[in-house]
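J.: Take a look at this one; I'll ask things after.
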């Protein structure tokens, strides 16, 4: 075999290998799973699943109120008691006030010391 013939055969073999990699293989696409929203406060005795209503955007300098960002979540009702959690541990309880603007709501700190970035649950 000459050098030129060996080069052509090597080129043909590599093209065949690359072409086999480029073939469109039919892959099964996973289906999206249906999600269910948590039940509201059930009066029939079933366990209530906590529902996230926002995150703490700011804590006042005196530490007596917080501003909650509810973007993408349901706005909590006035005078509702909410739990603040960080990494699964409760950091405090806040009571929602009547001051609201856009996606933000003000809540008074009842117990604990919630911090900026804590998740707020109903």
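The values are calculated or read from the model by the stated rules, or taken from the named source; none is laboratory data. Fair warning: this is a prediction, and the values are worked out from it, not measured in the lab. Virtual Cβ from ideal backbone geometry, glycine too; neighbours counted across all protein chains shown.
J.: Condition first: without any contact (Cβ under 8 Å) to a residue 12 or more places away in the chain and surrounded by 10 or more Cβ atoms within 10 Å (Cβ to Cβ). Now tell me which residues in region 73-104 satisfy that.
T.: Our first condition is that a residue be without any contact (Cβ under 8 Å) to a residue 12 or more places away in the chain; within region 73-104, this holds for 87-89, 99, 101-102.
Within region 73-104, 99 is the sole residue that qualifies.
J.: Could you list, in sequence order, the residues of region 51-90 that are in a loop (DSSP other than H, G, I, E, B) and within 16 Å of residue 116 (Cβ to Cβ)?
T.: Once the filter is applied, which keeps residues that are in a loop (DSSP other than H, G, I, E, B) and within 16 Å of residue 116 (Cβ to Cβ), region 51-90 yields 60, 61, 62, 63, 64, 70, 71, 87.
J.: Determine which member of the set 93, 110, 106, 120 is part of a strand (DSSP E or B) and within 20 Å of the chain's Cα centre (by Cα).
T.: 120
J.: For region 34-48, does any single residue satisfy the condition of being modelled with pLDDT of 65 or more and surrounded by 11 or more Cβ atoms within 10 Å (Cβ to Cβ)?
T.: Yes, that holds for at least one residue.
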